[in-house]
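The values are calculated or read from the model by the stated rules, or taken from the named source; none is laboratory data. Just so we're clear, the structure is a prediction, and the values are computed from it rather than from any experiment. Note that each Cβ is placed from the backbone with ideal geometry, even for glycine, and that neighbours are counted across all protein chains shown. What goes into the accessible areas is simple: the full protein's heavy atoms, side chains included, and nothing from ligands, DNA or RNA. Shrake-Rupley method; radii C 1.70, N 1.55, O 1.52, S 1.80 Å.
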Amino acid sequence: MTTSDLPELAELAGRAARYGGRLGVVVHDLESGARAAVGADAPFTSASVIKLPVLMTVLDRTAAGALSLDDRLPIADADRVDGTGIIGDLADLRELSVRDLLTAMIALSDNTATNILINRVSMDAVNAWSAAAGLRATSLVRLMRDTEARARGLENTMSPDDAAVLLARLARGELAGPDATAFALGALHRQRFNDRLPRLLPDGVRVAHKTGELPGVRHDAGLLYGPDGRAPIVVAAMTEGFTGPACESETGGPAADLLAEAARLAYDRFR
C-alpha cells in the first residue's frame, strides 16, 4: 500500500508545512500487511520515543542473563533529572528494580529511570541493538535532559519507519521471548500520556504506545488494538519544527491534533 492509497496522510503533511513544521507517518496494518506512509524514512529529533529501543535493549540483556528484572539499581543524586516522570523528585527513593524502572520509563516517560537504565547497559549497546533490529535512522548520543550535550549539537534521532518496524516486530514476537514481549506490551499499554494517538479513537480501542516531546516536537508511536481481536494497526507519527504558543501548549496544539487525526484515519481505513 502506498501513500496514494491513503491520500489523507499527504494532506496532513501539507498542514504541518503550513505551521512551519514537518510530519512523518507510517501506518501498517498487521492483519492484512497493508502499509501507507509519508515522510517515513526522514530522521526526526527522537525525544522520548528513543525510550523504545532502550526498553528492548534492557529486555535483550535480561534474556541473555546479563541482567534481571528483579535486580535493584541505585538512584544516585547525580542521576536525578527534571522533565517528565516522578523518580527525580522522590528524594528518599534510593533504589528500584529494573522492572519498575522500565515501567516508569515507558508509562510515565520518566527521564531519571531512563538515564539509570542507559548507564546500566550503555549507549553503545542501545545503538547496537537498534542496528541489529533494522532501525536505520536511530541514534542515541546523549542522556535525557542533557542540555550541555544538546548545546554541542548532540541529538538523539529516530524515524517514523524505525518506530513502526520496532513496534511491528514486537507485536509479532520477533524481538524477544514471550515473557519479555508481554512485559514490553504491558508497559506500553500503561502509557499515561494519551492526548495524541488515542484521542480521537472510538471507545473500545486500546493503544499500546510511547509519546515524545520537546519544544516544537510532538511524537507518538503505537499499536492500535480494536475490539475485534484482529492483529493491531501500527501507527508511528512524528512532527518537528512547529512554532507558536499553541504548539508549545500542554496539549501540543495543532501538532498533537495531526497525530490524533493520523491514528483515526488509520483505524477508519482498516477497521
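Residues are listed down the side, and each one gets a yes or a no for (1) on the phi > 0 side of the Ramachandran plot; (2) in contact with a Phe, Trp or Tyr (Cβ under 7 Å, 6 or more places away or on another chain); (3) without any contact (Cβ under 8 Å) to a residue 12 or more places away in the chain; (4) hydroxyl-bearing (Ser, Thr, Tyr):
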{"residue": "THR103", "(1), (2), (3), (4)": "no, no, no, yes"}
{"residue": "ALA125", "(1), (2), (3), (4)": "no, no, no, no"}
{"residue": "LEU140", "(1), (2), (3), (4)": "no, no, no, no"}
{"residue": "THR147", "(1), (2), (3), (4)": "no, no, yes, yes"}
{"residue": "PRO160", "(1), (2), (3), (4)": "no, no, no, no"}
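Only one of these is in contact with a Leu (Cβ under 8 Å, 6 or more places away or on another chain) and hydroxyl-bearing (Ser, Thr, Tyr): THR84, THR57. Name it.
One residue alone meets the criteria, THR84.
Of the residues ALA113, ALA151, only one is among the small types (Gly, Ala, Ser) and buried (at least 17 other Cβ atoms within 10 Å of the Cβ); which?
Numbers: ALA151 fails: buried (at least 17 other Cβ atoms within 10 Å of the Cβ).
The match here is ALA113.
Taking LYS51 and the conditions (1) out of contact with any helix residue (DSSP H, G or I) (no Cβ under 7 Å at 6 or more places or on another chain); (2) surrounded by 16 or more Cβ atoms within 10 Å (Cβ to Cβ); (3) of a type in the set (Lys, Arg), which numbered condition does it fall short on, given that it satisfies the others?
LYS51 satisfies all of (1) out of contact with any helix residue (DSSP H, G or I) (no Cβ under 7 Å at 6 or more places or on another chain); (2) surrounded by 16 or more Cβ atoms within 10 Å (Cβ to Cβ); (3) of a type in the set (Lys, Arg) except (1).
Just the residues that are of a type in the set (Gly, Ala, Ser), farther than 16 Å from LEU59 by Cβ and within 17 Å of the chain's Cα centre (by Cα), please, taken from the range 132-176.
GLY134, ALA137, SER139, SER159, ALA163, ALA164, ALA168
Among PRO215, PRO178, PRO202, PRO198, which is in contact with a Cys (Cβ under 9 Å, 6 or more places away or on another chain) and open to solvent by 10 Å² or more (accessible area, probe 1.4 Å)?
Numbers: PRO178 fails: in contact with a Cys (Cβ under 9 Å, 6 or more places away or on another chain); PRO202 fails: in contact with a Cys (Cβ under 9 Å, 6 or more places away or on another chain); PRO198 fails: in contact with a Cys (Cβ under 9 Å, 6 or more places away or on another chain).
Only one candidate passes the filter, namely PRO215.
Rundown of residues vs (1) open to solvent by 10 Å² or more (accessible area, probe 1.4 Å); (2) polar (S, T, N, Q); (3) under 30 Å from ALA266 (Cα atoms), yes/no style:
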| site | (1), (2), (3) |
| --- | --- |
| ALA10 | yes, no, yes |
| VAL25 | no, no, yes |
| GLU31 | yes, no, yes |
| ALA34 | yes, no, yes |
| ASP41 | yes, no, yes |
| LEU73 | yes, no, no |
| THR84 | yes, yes, yes |
| ALA91 | yes, no, no |
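Under 8 Å between Cβ atoms, which residue pairs at least 6 apart in sequence (or on different chains) link something in the range 187-211 that is under 10 Å from LEU223 (Cα atoms) with a partner that is open to solvent by 20 Å² or more (accessible area, probe 1.4 Å) and of a type in the set (Lys, Arg)?
Hits for this filter: HIS189/ARG206.
Determine which member of the set LEU188, LEU170, LEU166, LEU135 is closer than 26 Å to ALA34 by Cα and assigned to a loop (DSSP other than H, G, I, E, B).
LEU135
Looking for whichever is outside any helix (DSSP H, G or I), within 23 Å of GLY153 (Cα to Cα) and of a type outside the set (A, V, I, L, M, F, W, C) here; the options are ASP82, ASP70. Which one fits?
Result: ASP82 is the single residue among ASP82, ASP70 that is outside any helix (DSSP H, G or I), within 23 Å of GLY153 (Cα to Cα) and of a type outside the set (A, V, I, L, M, F, W, C).
Out of the residues in the range 145-166 that are in contact with a Pro (Cβ under 9 Å, 6 or more places away or on another chain) and among the hydroxyl-bearing types (Ser, Thr, Tyr), state the one that is farthest from ILE116 (Cα to Cα).
SER159
For the subset of the range 52-103 comprising residues that are aliphatic (A, V, I, L, M) and in contact with a strand residue (DSSP E or B) (Cβ under 8 Å, 6 or more places away or on another chain), which member is nearest to LEU223 (Cα to Cα)?
Only one residue fits best here, namely LEU52.
Under 6 Å between Cβ atoms, at least 6 apart or on separate chains: pull out the pairs that start in the range 214-230 with a residue that is farther than 23 Å from ARG22 by Cα and end on any residue that is open to solvent by 10 Å² or more (accessible area, probe 1.4 Å) and outside any loop (DSSP other than H, G, I, E, B).
What qualifies is LEU224/VAL207; LEU224/TYR267; TYR225/ARG206.
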